[in-house]
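A quick write-up on the structure given underneath.
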Amino acid sequence: MEISQFYLGIETSERSGSIAILSSAQQIVQNKLQQQGRKHAQTLVAEVKKLLNQLELSPDQITGIGVSIGPGSFTGLRIGATFAKTFGYVTGCPVIGIDTFEAIALNCPPEISETYVISNAQRGDLFVGKYVKISEYQWQRSSEIALWEIDRFCHSLKPRDTINGPGIELLQTSLLPECRILQPEYRNPTASKISLITAQILQKSQPAEYASLNEVWDLTPFYLRKSAAEEKWDARQKNDNENYK
């Protein structure tokens, strides 16, 4: 008799987060987090407990946990990563950091095989990554995620390029008539996609790789740039040092 496996997905990179559990039968139950924005820390533990109770599961029945690691909200990413590492440490299940943009690419309609994924990097910039489909449920990053000025990114686009992600809200889409701009329902990461990617990784892992995935404290969010507060602090320190000289 095959033992059921359950994969927990955590998505807190955006203001509205979600959690999901995927079973080995490919059945997904997803719940939105009740609190918004920076209140993920106040609700995440309770919401995961509620979802486990809903499915009549105990924490030690979770086969693996995947957490969205960015790009995204500094606070949200830290909260999600901290919860995932703690859960993995307590239960002993593997913890995997999942590329948030890959989860967004996985939202694309089936006819799309390549897309840019963009999000708001603040200060007039975008986080930009390019992804290609390699199977029905798997996408791969074809270029490193980088910071782009909004105007520079728009001018780099070619006819028939596809664009996805929450950063679309910052573009003047009327100026990109030859590009395919995906609709809002495709643009945001979800915990269901995080759990699906997590299951694919763990199911393909060899025993030695599986063991290495359990080094939970090695997991860190993908920030690419410092937060506004950290940049202000660095500028202040630099200014103080120059004045001291």
Report yes if some residue within the stretch 107-115 is open to solvent by less than 70 Å² (accessible area, probe 1.4 Å), in contact (Cβ under 8 Å) with a residue 40 or more places away in the chain and assigned to a helix (DSSP H, G or I); otherwise report no.
no
Looking at the stretch 64-106 only, could you name the residues that are of a type in the set (Ser, Thr, Tyr), surrounded by fewer than 24 Cβ atoms within 10 Å (Cβ to Cβ) and not in a loop (DSSP other than H, G, I, E, B)?
75, 82, 86, 89, 91
Just checking, does the stretch 69-77 include any residue being touching a residue at least 12 places away in the same chain (Cβ under 8 Å), farther than 21 Å from residue 147 by Cβ and outside the structural domain of residue 179 (by the TED database)?
no
Here is a check on your reading of the model: is residue 73 under 15 Å from residue 194 (Cα atoms), within 20 Å of the chain's Cα centre (by Cα) and at pLDDT below 95?
no
Sole exception among (1) of a type in the set (Gly, Ala, Ser); (2) over 22 Å from residue 224 (Cα atoms); (3) open to solvent by 50 Å² or more (accessible area, probe 1.4 Å) for residue 199, by number
(3)
Sole exception among (1) open to solvent by 40 Å² or more (accessible area, probe 1.4 Å); (2) under 22 Å from residue 106 (Cβ atoms); (3) touching a Gly at 6+ places or on another chain (Cβ under 8 Å) for residue 185, by number:
(3)
Hey, does the stretch 202-215 have a residue that's at pLDDT 85 or above, farther than 22 Å from residue 30 by Cα and surrounded by fewer than 12 Cβ atoms within 10 Å (Cβ to Cβ)?
yes
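The values are calculated or read from the model by the stated rules, or taken from the named source; none is laboratory data. Just so you know, these numbers come straight off a predicted model, no measurement behind them. Reconstructed Cβ throughout: ideal geometry from the backbone, glycine too, with neighbour counts over all protein chains shown. Please note that ligands, DNA and RNA were not included when accessible areas were found on the heavy atoms of the full protein model with its side chains. Shrake-Rupley method; radii C 1.70, N 1.55, O 1.52, S 1.80 Å.
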